[in-house]
Amino acid sequence: MNKITRRQALGTAAGALSALGTAGATAHAAAADSRASIPAGTVDEVYQGRRIRITPAESGGGHHGGHHGGGHDGLPTVRIDGRELHVMRNADGTWISVVNHYETYADPASLARAAVRELQGAVLAPFAPMGGTA
Amino acid sequence: MTVRKNQAALTPEEKRAFTNALLELKRTGVYDRFVTTHNGFIMSDTDSGDRVGHRSPSFLPWHRRFLLEFEAALQKVDPKVALPYWDWTADRTSRSSLWAPDFLGGTGRARDGQVTDGPFAYAGGKWEVNVRVDGRAYLRRALGSGVAELPTKAEVESVLSMPVYDMAPWNSSSNGFRNHLEGWRGANLHNRVHVWVGGQMGTGVSPNDPVFWMHHAYVDKLWAEWQARHPKSTYLPAAGTANVIDLNDTMRPWNDVTPADLLDHRKFYTFDTEPVPAAAASQR
């Protein structure tokens, strides 16, 4: 089974904290200890050895850089080891990504973890929305 | 006239002709252009914006046109080739002859999902995955891993019995035949098969696995069966609908073909389960 519980996911993230050193420790500690103080939907965790960072849409406008293409606005930015994962939200509120396109996930964190499992250590290809002009 | 046959009924020669034509399209780069087109639509078709290839009424005519174009490319290589269809309600295990070394090869190995037998195994040197979502250049599969069971005949039957083609809001939350066949709601037919195969088939670059064409040829056949069963039901929406393809709207990327042009598959091909048309029979 691929499903993991929230408790297991948090345990994984917390367990990874000590290995990460001081660089990201403050953000990690905030995520673990006072999650209400950071924007809802923010994720910064290590899952199966991969760094998952999710920035909610509201605070994500500044770092899309040259990625502007159709359909990206209003979506969180999901990164795995720094590479952006193309994600989409379905009308029923569930999520899919370009890595897991034909099955839905309840939230971006579950979606990112599914991508990590599917990648089996491989790196994401450069993010390239096509804007419907393919 | 092209006759699309059940893959389980192909002769060894027909299997070889089909896989050889696939390898030739791969060699010339034609194949990868189809993968690129598909992924572009996967990433741009959204529930709240413009949508053509997926999660919308034109899912079926868009893929019909996409398959016709691909079949024409195959027939440029070998005029005798037609797209076979994979009836996954009947051939529903990884032991099916579909996955044998003389056809598509089998599931991927445990370590990295790599397909290691058949014409598309990476070691054979003829099937590099170039259009991809990650760094892996080899064909991958994980048959029956992402979901254990393929859709059953009873589940297909329940979807074919739905009388209305599609409904507002014309996306992945719609009720009706199209969305239940596509699989965002209910029994989940088409989407589930992608997940059952796994590997590239579960991603936006799913046409990297040649089984994509045989899966969609069967989805296309189910559309034709639904039409035959509901002769008074028509493609919807008819006109004036934002963001989606109405009956007489042209579809990207071709811009010269509408759902109305594609409703009758017998203009282009027949299935081996149908009577041979008189015109085609007279040519034999």
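The values are calculated or read from the model by the stated rules, or taken from the named source; none is laboratory data. Computed from a predicted model, the values in this text were never measured in an experiment. All Cβ positions, glycine included, derive from the backbone under ideal geometry; neighbour counts span all protein chains shown.
Assorted remarks:
- The stretch B:169-284 holds helices (runs of 4 or more DSSP H) entirely within its bounds, and those carrying 2 or more residues that are closer than 30 Å to B:Arg140 by Cα and modelled with pLDDT of 95 or more map to B:177-182, B:190-197, B:211-229.
- Subset of the stretch B:86-118 [without any contact (Cβ under 8 Å) to a residue 40 or more places away in the chain and within 14 Å of chain A (Cβ to nearest Cβ)]: B:Arg109, B:Ala110, B:Arg111, B:Asp112, B:Gln114
- For the stretch B:125-141, the set of residues classified as small (Gly, Ala, Ser) and more than 9 Å from chain A (Cβ to nearest Cβ) consists of B:Gly125, B:Ala137, listed by residue number.
- Checklist (1) crowded, with 19+ Cβ neighbours inside 10 Å; (2) out of contact with any strand residue (DSSP E or B) (no Cβ under 7 Å at 6 or more places or on another chain); (3) at pLDDT below 95 applied to A:Val46, failing item: (3)
- Some residue of the stretch B:150-162 being facing chain A (nearest Cβ under 10 Å) and within 20 Å of the chain's Cα centre (by Cα): no
- Any hit, the stretch B:4-18, residues being within 14 Å of chain A (Cβ to nearest Cβ), under 25 Å from B:Leu143 (Cα atoms), free of Cβ contacts under 8 Å to residues at least 60 places away in the same chain and part of a loop (DSSP other than H, G, I, E, B): no
- Among (1) at pLDDT 95 or above; (2) in a loop (DSSP other than H, G, I, E, B); (3) surrounded by fewer than 18 Cβ atoms within 10 Å (Cβ to Cβ), the one test that B:Glu157 misses: (2)
- Residue count for the stretch B:106-116, restricted to those that are farther than 21 Å from B:Ala148 by Cβ and under 23 Å from the mean Cα position of the chain (by Cα): 1
- Selection status of B:Phe41, buried (at least 17 other Cβ atoms within 10 Å of the Cβ), away from every other protein chain (no Cβ under 14 Å) and touching a Pro at 6+ places or on another chain (Cβ under 9 Å): no
- B:Arg33 being without any contact (Cβ under 8 Å) to a residue 24 or more places away in the chain and of a type in the set (Lys, Arg): yes
- If the condition is being surrounded by fewer than 24 Cβ atoms within 10 Å (Cβ to Cβ) and more than 8 Å from every other protein chain (Cβ to nearest Cβ), then the stretch B:194-206 contributes only B:Gly198.
- Hey, A:His86 within 13 Å of chain B (Cβ to nearest Cβ), modelled with pLDDT of 85 or more and within 29 Å of B:Gly40 (Cα to Cα) or not: yes
- Here B:Tyr165, B:Tyr138 are screened, and the one residue that is touching a strand residue (DSSP E or B) at 6+ places or on another chain (Cβ under 8 Å), of a type in the set (Phe, Trp, Tyr) and surrounded by 14 or more Cβ atoms within 10 Å (Cβ to Cβ) is B:Tyr138.
- Restricting B:Val52, B:Val35 to those that are surrounded by 15 or more Cβ atoms within 10 Å (Cβ to Cβ), over 18 Å from B:Gln200 (Cα atoms) and within 11 Å of chain A (Cβ to nearest Cβ) reduces the list to B:Val52.
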